[in-house]
Amino acid sequence: HDSEHPLLDCSNTPLAVVSSRRAASTAVLRASDCDQTIVDDGSIVSQLVLITTHDFFYPLVDDPYLMGRIGAANVLSDLYAAGVTTPPHTSIMTLAVPLSRIVPESSRLALTSALVCGYRDGMSLAGVRITGGQTVLNPWPIIGGTVSALVPALSHFTPTRAQHGHRLLLTKPLGTQLIINAHEALQAYKACAMRRRRAAGNQTFVDHSHDANLREVREVREACHVCADEAVAAKWESWVVRKAGLSCEDVERAMDLAVCGMVRLNKEAAIRMVASGASACTDVTGFGIRGHAENLAKVQTECVQFVIERLPIWMGAVALDAAADNRFGLLGGTSAETSGGLLIAMPPENVERFCRDLSEAECGWGVWDVGRVERSEAERGRGVQMMPSDELEIIEIGRPVSSGQRAGRVGGTHSTEGTGIS
């Protein structure tokens, strides 16, 4: 508390929760003139809204710097989905330093430094200042944090105004979970093959890196994969190669594209959706596009249903899901995403301008019209309707390397688009 500061003098302004938007970690708090005070160790400014979120997760990629960037982009997405268009004010970082037999003590500093550097750079791109952090020892690295923003109450974006006839737009392709799993199988397969060759005395690993920190990171990365279970490596042959028909080049290319998507901030999309009169928004992460769309549909002021007609999906992911007997639920909209795009509802007359402005701001990154908002006659009709697989349009994003990449095609309309990135 600092009662002498005019902006923090709100002794007569109790705090009340106005909304906890959807089932996620984002909370929206507003100064209120109600009688209930729910905090005793903080204050809030009248006429301002505090939006705060907290998120963290385990590594998904081999590179700790990129993992830090993904962690920053992921935690910021909740604020962008809430319509925060000015830089969030502060971030408190959550970091778990790896304490594991796999990671030697001498390498922990290199890993931790790279994670922190990536997270810091990601927050810097958003204009966010890291003001503190919490560090613990853990068997495996964890990266994430809390981000908060104060925005004027009168200009606060309200994501509950979707109406019949509005279009649904998605700003990033889907399929990251499948691609990450396939890439992990590839890395485990390579590590097991290398281990067998070394046991036979056929290969010696030489690291020509002149950067000591980079050498340590590579050694840890190699150690983790050498310890990979043979069963994970076996997935490469049985699932990725034989059933999905993908090559090493296909998986590496798909992983590169997915990482480019995961590190990309939803900042520009948030700015332009608010300017274009968006009526509702959520980010697509752990619940998949269907789960997040359903949560969003249920909190709309009008009784509406979201109809998903098409899905933009990273190259290779459709084939991988089909080869796994659709266990990931990609075409059903339930496959989890990490640092996914924004799902935005918007009046149809504003869609063209929004897509054009966002593409120009992000150097050709795409945005896809994935469906529509329909009126629901009954309260129980609120939610999401996914088009059946034989009617669902699939747009595969990225240029295939091998012809086998088409093995996973299923029903409906199927097309391929480039990404605009190299």
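The values are calculated or read from the model by the stated rules, or taken from the named source; none is laboratory data. Keep in mind that what you see is a predicted model, and the values were worked out from it rather than measured. Glycine gets a Cβ as well: all are built from the backbone with ideal geometry, and neighbour counts include every protein chain shown. SASA here: full protein model, heavy atoms, side chains in, ligands and nucleic acids out. Shrake-Rupley method; radii C 1.70, N 1.55, O 1.52, S 1.80 Å.
Brief remarks follow.
- Accessible area of residue 69 (1.4 Å probe, protein heavy atoms only, ligands and nucleic acids ignored): about 50 Å².
- Residue-wise HN-Hα coupling along the stretch 176-193, computed from phi with Karplus coefficients 6.51, -1.76, 1.60 (Hz; x: Gly, Pro): 4, 4, 5, 5, 4, 5, 5, 5, 4, 5, 5, 5, 5, 4, 4, 5, 5, 5
- The stretch 317-373, accessible surface, carbon-and-sulfur percent (1.4 angstrom probe): 46
- Percent antiparallel among DSSP beta bridges (both partners in the stretch 70-180, rounded to 5): 45
- Surface accessible to a 1.4 Å probe, residue 235 within the full protein complex, Å²: 100
- A cut-off of 5 Å between modelled amide H atoms, ignoring neighbours fewer than 5 places along the same chain, links residue 309 with 371, 372.
- Rounded to the nearest 10 Å², the accessible area of residue 356 at probe 1.4 Å: 110
- Summing charges over all other residues whose Cβ lies under 11 Å from the Cβ of residue 369, with Lys and Arg as +1 and Asp and Glu as -1, gives 0.
- 20 Å tail of the calculated P(r), the stretch 239-327, as % of Cα pairs: 54
- Proximity of backbone amide H atoms, modeled 1.01 Å from N, is registered between residue 396 and 313, 415, 416, 417 at under 5 Å, excluding neighbours fewer than 5 places apart on the same chain.
- Derived scalar couplings between HN and Hα for the stretch 326-335 equal 6, 5, 7, x, 4, 6, x, x, 9, 5 Hz in order, rounded to whole Hz, by the Karplus curve 6.51 cos²θ - 1.76 cosθ + 1.60 (θ = phi - 60°), x for Gly and Pro.
- Under the convention that each Lys and Arg Cβ holds +1 and each Asp and Glu Cβ holds -1, the size of the dipole of the stretch 226-358 around its Cα centre is about 220 debye.
- Ranking by accessible area, most exposed first, for 328, 354, 56 with a 1.4 Å probe: 56, 328, 354
- Here is the tail figure for the stretch 270-322: Cα pairs spaced more than 14 Å apart come to 67 percent of all pairs.
- Taking N as its residue count, the alpha carbon Rg of the stretch 109-168 over 2.2 N^0.38 Å: 1.72
- The lysines within cross-link reach of residue 243, meaning a Cα-to-Cα straight distance under 28 Å and a gap of 8 or more places when in the same chain, are 172, 190, 235.
- In Hz, Karplus ³J(HN,Hα) per residue of the stretch 277-285 (6.51, -1.76, 1.60; θ = phi - 60°; x = Gly, Pro): x, 4, 10, 6, 7, 8, 9, 9, 9
- Of the residues 305, 262, 292, the one whose Cα sits farthest toward the positive end of the charge dipole of the stretch 222-324, with +1 on the Cβ of Lys and Arg and -1 on the Cβ of Asp and Glu, is 305.
- Between the amide H of residue 281 and those of 345, distances stay under 5 Å, these residues lying 5 or more places away or on another chain, with hydrogens modeled in the peptide plane.
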